[in-house]
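Everything below concerns the one structure shown next.
The values are calculated or read from the model by the stated rules, or taken from the named source; none is laboratory data. This one's a predicted model, so the numbers in the text were calculated from it and none came from an experiment. Note that we place each Cβ from the backbone using ideal geometry, even for glycine, and neighbour counts take in every protein chain shown.
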Amino acid sequence: MTYYIAVTIYYGARHSGQAATNLERIDKFSSVNEIISCDAGTAKYYGIIKQNLRQKGHPIPENDIWIAAIAQQYGLTFVS
């Protein structure tokens, strides 16, 4: 099964030069793939990841932490 994490992709599409086209492409793609939602389990992974990054002095953007948390929660490999 394919999993699709829709965290910031809609924001990026809306702010692109071809918003309508990109939004349509996202909707088509997401209609045939499973959408993974954030929940309390995701928040636990988020906290662990953010704290580890902070301790190492390697902060990353908040949305990237949410994406990583969902991927870890479901045992997925994340490719960007």
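Pairs are defined by a Cβ separation below 8 Å, a sequence spacing of at least 6 or placement on different chains, a first member in region 1-17 that is over 19 Å from Phe78 (Cα atoms) and polar (S, T, N, Q), and a second member that is at pLDDT 80 or above and surrounded by 12 or more Cβ atoms within 10 Å (Cβ to Cβ); the pairs so defined are Ser16/Asn22.
Could you grab me the full set of residues in region 25-59 that are touching a helix residue (DSSP H, G or I) at 6+ places or on another chain (Cβ under 7 Å) and surrounded by 12 or more Cβ atoms within 10 Å (Cβ to Cβ)?
Initial filter on region 25-59 (touching a helix residue (DSSP H, G or I) at 6+ places or on another chain (Cβ under 7 Å)): 26, 36, 38, 41-42, 45-46, 49-50, 59.
Result: Ile26, Ile36, Cys38, Gly41, Thr42, Tyr45, Tyr46, Ile49, Lys50.
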